[in-house]
1. Based on the alpha-carbon gyration tensor of the stretch D:142-198 and its eigenvalue square roots a ≥ b ≥ c, which shape applies: rounded if a/c is under 1.5, prolate if not and a/b is larger than b/c, or oblate?
2. Suppose we look only past 21 Å in the calculated P(r) of the stretch B:97-182. What percent of the Cα-Cα pairs does that tail hold?
3. What's the center-to-center distance, using Cα atoms, between the stretch A:135-171 and the stretch D:115-148 in Å?
4. Explain nothing, just compute: Karplus ³J(HN,Hα) = 6.51 cos²θ - 1.76 cosθ + 1.60, θ = phi - 60°, for every residue of the stretch D:218-225 in order, whole Hz, x for Gly and Pro.
5. The stretch A:215-247: which residues show an accessible-area loss of 20 Å² or more, assembly versus chain alone, 1.4 Å probe?
6. Collect residues whose amide H, placed 1.01 Å from N in the peptide plane, falls under 5 Å from the amide H of residue C:61; neighbours closer than 5 in sequence don't count.
7. Mind pulling up the Rg/Rh value for the protein assembly as shown? Radius of gyration and Kirkwood radius, both on Cα.
8. Working from Cα positions, state the angle (0 to 90°, nearest 10) between the long axis of helix A:76-91 and the longest principal axis of chain A.
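The values are calculated or read from the model by the stated rules, or taken from the named source; none is laboratory data. As the structure is a prediction and not an experimental result, all values here were calculated from the model. Here the Cβ positions follow ideal geometry from the backbone for every residue, glycine too, while neighbour counts run over all protein chains shown. Note: accessible area is taken over every heavy atom of the protein model, side chains too, but ligands, DNA and RNA are not part of it. Shrake-Rupley method; radii C 1.70, N 1.55, O 1.52, S 1.80 Å.
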4 protein chains.
Amino acid sequence: MTMKESIQKRKAEHIELCLTDQVMGENISSGLEKYRFLHHALPDLNFEEIEIGTSFLEKSISTPFLVSSMTGGAALAEAINRNLAVACEERGWAFGLGSTRAMVEDKAFRSSFQIRKYAPTIPVLANLGAVQLNEGFTVDECKRIMDWTEADGLVLHLNSIQEVIQQNGDTNFKDLLTKIEHLAKDLDVPVGAKEVGFGIDGEVAKSLVDAGLSFIDVAGAGGTSWSQVEKLRSKEKIKKIAAEAFSDWGNPTAFCLEDVLKEVPDTPLIASGGMKTGLDAAKSLAIGANLVGFARSILKEAVDSEEAILEWMEVRELELQMVMFGIGAKDINALKSTNRLVR
Amino acid sequence: MTMKESIQKRKAEHIELCLTDQVMGENISSGLEKYRFLHHALPDLNFEEIEIGTSFLEKSISTPFLVSSMTGGAALAEAINRNLAVACEERGWAFGLGSTRAMVEDKAFRSSFQIRKYAPTIPVLANLGAVQLNEGFTVDECKRIMDWTEADGLVLHLNSIQEVIQQNGDTNFKDLLTKIEHLAKDLDVPVGAKEVGFGIDGEVAKSLVDAGLSFIDVAGAGGTSWSQVEKLRSKEKIKKIAAEAFSDWGNPTAFCLEDVLKEVPDTPLIASGGMKTGLDAAKSLAIGANLVGFARSILKEAVDSEEAILEWMEVRELELQMVMFGIGAKDINALKSTNRLVR
Amino acid sequence: MTMKESIQKRKAEHIELCLTDQVMGENISSGLEKYRFLHHALPDLNFEEIEIGTSFLEKSISTPFLVSSMTGGAALAEAINRNLAVACEERGWAFGLGSTRAMVEDKAFRSSFQIRKYAPTIPVLANLGAVQLNEGFTVDECKRIMDWTEADGLVLHLNSIQEVIQQNGDTNFKDLLTKIEHLAKDLDVPVGAKEVGFGIDGEVAKSLVDAGLSFIDVAGAGGTSWSQVEKLRSKEKIKKIAAEAFSDWGNPTAFCLEDVLKEVPDTPLIASGGMKTGLDAAKSLAIGANLVGFARSILKEAVDSEEAILEWMEVRELELQMVMFGIGAKDINALKSTNRLVR
Amino acid sequence: MTMKESIQKRKAEHIELCLTDQVMGENISSGLEKYRFLHHALPDLNFEEIEIGTSFLEKSISTPFLVSSMTGGAALAEAINRNLAVACEERGWAFGLGSTRAMVEDKAFRSSFQIRKYAPTIPVLANLGAVQLNEGFTVDECKRIMDWTEADGLVLHLNSIQEVIQQNGDTNFKDLLTKIEHLAKDLDVPVGAKEVGFGIDGEVAKSLVDAGLSFIDVAGAGGTSWSQVEKLRSKEKIKKIAAEAFSDWGNPTAFCLEDVLKEVPDTPLIASGGMKTGLDAAKSLAIGANLVGFARSILKEAVDSEEAILEWMEVRELELQMVMFGIGAKDINALKSTNRLVR
Ligand SMILES: Cc1cc2nc3c(=O)[nH]c(=O)nc-3n(C[C@H](O)[C@H](O)[C@H](O)COP(=O)(O)O)c2cc1C
Ligand SMILES: Cc1cc2nc3c(=O)[nH]c(=O)nc-3n(C[C@H](O)[C@H](O)[C@H](O)COP(=O)(O)O)c2cc1C
Ligand SMILES: Cc1cc2nc3c(=O)[nH]c(=O)nc-3n(C[C@H](O)[C@H](O)[C@H](O)COP(=O)(O)O)c2cc1C
Ligand SMILES: Cc1cc2nc3c(=O)[nH]c(=O)nc-3n(C[C@H](O)[C@H](O)[C@H](O)COP(=O)(O)O)c2cc1C
């Protein structure tokens, strides 16, 4: 198998497995279920006039929603990314590309990430595993990615445990913070960081912001668990069993939000990890997030069609609007400062 | 379908669906189960002499119970209302009519609400969606309703979320409070407010009382959920799915009671939402309510016959008396000031 | 049916129903499960030398155990009482007779309560519904009961809720405390009080002790529920349904013990209600009880044979000894003052 | 049956029963599940360089793991001990022999404990029931055991409740502490103590350390329960039933660790009882243990083959390394002082 084939195979397996529920963490939840909204029986609002628009990376968008980084690479990924990009543009969602490392490694992968033509106005994020900075990935290569994707920012994903379980994973995370600092300085777009489902807490967020990052996506526990995904993929018996012990690993999303807000209250914050509904999103925004990211929840629709995505998006937006009507919040600012979120 | 037919159809569907358990909120309860009575092993009482009579809207009644607003309109509703009215009169329960808006809209609906002849002495409440005040409903029309129904008071229902999910619902709740204030001033009967199952909390209750309302019926969560009812009725896919996220929405009844009592301790307070037994009722009264309303719990009997209702009522009264015997409370005042309700 | 037949029928039904699990309270427990003993890994004890003897009503007994009041009356009851009395004498358990009211009402019932010949040395308690003092039962009749039974004390049971559900129950509990006070003064044996499964709390215990009673048996919730028993027996539909609401009624045994000890720390205290094992008993003694009563747990064996009872008793005693070994308590006093009972 | 046969039979039954899940305590857990690690998204570590070596009884070992005392005696036990010893040596685990009392009682049993030839470098512990010191076992006999086994230390097991249930168990624990003190003084190897699954708490640990013991193995509740094992083996009906009441007896392992650390923070501490994974082990080390012991979890592999054990060990080590990577701890000292263990 060439490297190209092996990358394609891995990406295809990720998508296929993530279409099943086996990849969910077990005995762990986002923690959002511990929050409730206090219903306001007499909202001083016309439902039709509720506003859910916001802005991210200095661009206005019609919703506070993001499709989290998922895929890229040939074939299936190309269709998925196009479907998502078109739908995001139409409804005003921000869009995160999957890891763009493949672009550099093989020209054939490039086109699947070049979705700016479908999504001219919305914030788009390029994506790279931070550990690549220890594996020879250069600032110049990052710059090329930004050129090719015409993205508004770059998000580095931190996925230590996944790399350990994954065959031939890159597990040298030593001194990465310094390299992240240099990259943030040298790149002229905003750079952020995300986990992939085990969550960034306050301490780590602070160190990243101190190193110059512009935004944090907590990508906490409660949804897709990458030890579960790699457990299912692994053919090494010892890793397969060891991964099992991590089925409830990770920092729940709600905890991450609270903890990060304590440390870096002024840094743009993306809530993700286990988001299912507009109600989850509303809770996250009321806790203090600026944007809410959905990954696996939208995968089925993304594989299916643009129409399926659009319908799914409309439901999430309606849920958010209904929550806002239910608590009497006329816009996202009002939601973010509500006193009607209780534990 | 004429408007008349469509109203009839909606009412019929509401009744039909509410006869099934699918309309219950999920993963939410009234909160009354968190309270317990401390049994008093030696009550200084003759069980036969326990008194459960009280008064509401300046009328004495033999029980602290209310049949909550449910229906009205032609056919089935007419029989239901007659059955309930006769039984309420016989056992001394207060009676709430369903939304009387239909009376104004079509003469044919009128008779079903004119039950004063069956219930000459008990408190009767007319009912109207507060949002109608934004849809052109006038004070004069309210006065006509009071004349036609010969009711002792008018209760405005607040049902924001239901209106959103319901097809062509009235969702402009803007400035309603001002209109409610005018209505309360101009009408010469007491005006109150109720939710329909998501609950009125202290803040909202205070604003309503400040606007001149005379009583509050919390109609909290734990029983019938109107997002569930409308989810089942809806033919719009997007609303149907969005409604699902609200299956545990609302302020639990017990919470509402505590919260409202903190804000407006002197306003007559009706506990309702999820009431099943006289034990639930006793807890509500001991928390501080003046009257306890039952809606869906009595629907089956109401559809069935006057006799079924009477038997059901007798059970609820006996339960209440037994609780009072069990804690040594000789009358409703003693129950309301008991120190034997614990959490 | 003569009164005699009806009493016999009732007693027989009680026994029969209590042999099934349907009479257990639902969603309620004794509360003892919230306590744990802290294991002591190196007890300074020879297991053979552990002492479980104690004393009650000025008699020494080999165990801190009591068979709670259950039955009396002809036929089956006679055999049960004889079996229990013989076994109690053999193993040094105290013995409580069932309600001895029947002795006065019909001569034919008398012999079943006259078990002193089988149990010459142990404490024996006669038993009477306190409410009978309002139904014409006199001090003289009580004296006669004491003569006939040769019992060491009289325990009055308080069973308000049972009386309400029971057909033709005696439900006038008015002014009973005064009558209890007179009885305690006039009778020259110790008089105590017990519930029948809904528990006596601190406030009631205090009033009873102030009225002159010598001991309290809490008979709390967590085991047999007499609203459940009478629900099953009842043929009156309204009572049958109302009784259902009381399936979790009552003060849990552990709560009663704590609460009574706060109010009357120096009054001999019997723990009962839901006792199953010597571990339950050990917890109750460590909380502060002086004696531990078992009713329904031993009914099957009591109906069966003396041998079955003896074996059952031996198990309970071994369990108690093992707990004492496990925490290093050499006798009942050490158990009562252990610091190894934790919540 | 000769004593030799009866010992062999008992040991064989223990192994056989412990291969089933029936020997687990019920409704009780180690308490470790209440702890969680806070994921560190950006560990400053190269996974390959994580170090899990430590030392015990002045010997360096490659892991902080111990195979807890299990068996010894002829046949099956001989194979088990050899398999375990070889594997422990290969992977650098400490090794605890099962009770070496049999060595003294019959020459035939001796060889199964003489595993030093297979495990020349690792810490090996000889094992004896402390109660034997009350049954005539002398210091000289202990010395002989140390000679024969060439072990680095002797661990005395405390198993009071097991001895009560076991037929002809030794249940005189009186004055044992004094004898333990003498033994510790007279023996020139370190002597420690362990329970067998009900746990040593702080108070007992303190008394043992004051008596001169060098280390404590808590052997707490949450895994194998020896009242359950002996319940299954027992042929005495009364003991069989009484044992049932002890199915949730014991001090959970996590509690023991915390409690012992409060009393004797400087004494080497072994965490055991219910250990299943390297994640359990990591939590125990982070709480404060120095070594982590596994008994029943490895029994199946021990009976099977050296290869099975080796593979099982590798998984546990990988789990530990992954936890350390996940929280950014580069070695056991860093793990022990982490602030990322939360409740
Ligand atoms: C199929 C799939 C592929 C993913 N690929 C990437 C990726 O390339 N880069 C990345 O940062 N995260 C990736 N993720 C992680 C998501 O961005 C997200 O952080 C994680 O799935 C948790 O969110 P969820 O619970 O909503 O799925 C992927 C997730 C899925 C389901
Ligand atoms: C069939 C049905 C019809 C109802 N119609 C009305 C109505 O017209 N006006 C109103 O204020 N509430 C209406 N309600 C709401 C009830 O008054 C009550 O607030 C709600 O059902 C919660 O109480 P429950 O849990 O006891 O059912 C209706 C309820 C039911 C079950
Ligand atoms: C069959 C049966 C008959 C009983 N009869 C009496 C009685 O005559 N007098 C009394 O005070 N309690 C009576 N009780 C109540 C018991 O004494 C006891 O208080 C109650 O059953 C709670 O204890 P338990 O949970 O161990 O059953 C009876 C209980 C049973 C099971
Ligand atoms: C088959 C078997 C035999 C055992 N034999 C001994 C023994 O001889 N001496 C001893 O101190 N503990 C003995 N134990 C107890 C263990 O050392 C350990 O303390 C206990 O099983 C709790 O740990 P676990 O939950 O990991 O099994 C034995 C355990 C098992 C499963």
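1. Prolate shape, in that a/c is at least 1.5 and a/b is the bigger ratio.
2. Working: 1155 of 3655 pairs.
Distances greater than 21 Å cover 32 percent of the Cα pairs.
3. 57 Å
4. Result, ordered by residue: 4, 6, x, 7, x, x, 4, 10 Hz.
5. SASA drop of 20 Å² or more in the stretch A:215-247: A:237, A:238, A:241, A:242, A:245, A:246.
6. C:54, C:55, C:56
7. 1.03
8. The angle comes out near 20 degrees.
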